[in-house]
């Protein structure tokens, strides 16, 4: 492997990560990963693994990673939504120019209900924002 390895490795999980300390300074010159904590991104919980005590440096590093991860996930959420807008446009084009009647029958009700639900939420949220702005 080229370059220096980081001091910490984060095995991403659904709600956070398992945190490992990376060690390459041993007699066998092998990479050893020692789990030191489990973190929950949603509630900010950091739990030491087993009977370990986390140092101030460990806590600072983990909190820094959690902030980075939250920002990354927020960016991905927006990107996913913008991709959805593109996909809706492609779906519109498909329905207008390529869809066969039986294909439209298969998807129309589901699409209409999903779009109605989305529109209702968006209109309500926009109204709430406008009222708070006054």
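Scanning segment 17-57 for residues that are surrounded by 11 or more Cβ atoms within 10 Å (Cβ to Cβ) and closer than 21 Å to residue 71 by Cβ turns up 17, 18, 19, 37, 38, 39, 40, 41, 44, 45, 46.
Exactly one residue out of 115, 33 is in contact with a strand residue (DSSP E or B) (Cβ under 7 Å, 6 or more places away or on another chain) and at negative phi: that is 33. All conditions in (1) closer than 29 Å to residue 42 by Cβ; (2) in contact with a helix residue (DSSP H, G or I) (Cβ under 9 Å, 6 or more places away or on another chain) hold for residue 72, with the sole exception of (2). Checked against the criterion of being assigned to a loop (DSSP other than H, G, I, E, B), free of Cβ contacts under 8 Å to residues at least 12 places away in the same chain and farther than 30 Å from residue 7 by Cα, segment 103-120 contains not a single residue that satisfies it.
Selection over segment 3-45 of residues that are within 20 Å of residue 55 (Cα to Cα) and outside any loop (DSSP other than H, G, I, E, B) gives a count of 21. For segment 86-107, the condition of being at pLDDT 95 or above, within 15 Å of the chain's Cα centre (by Cα) and either closer than 30 Å to residue 16 by Cα or exposed (fewer than 11 other Cβ atoms within 10 Å of the Cβ) (or both) holds for none of the residues. Of all the numbered requirements in (1) within 30 Å of residue 115 (Cβ to Cβ); (2) surrounded by 15 or more Cβ atoms within 10 Å (Cβ to Cβ), residue 79 misses one, and that requirement is (2).
The values are calculated or read from the model by the stated rules, or taken from the named source; none is laboratory data. Everything numeric here is computed off the predicted structure, so don't read it as measured data. Cβ coordinates were reconstructed from backbone atoms using ideal geometry, including for glycine residues, and neighbour counts include every protein chain displayed.
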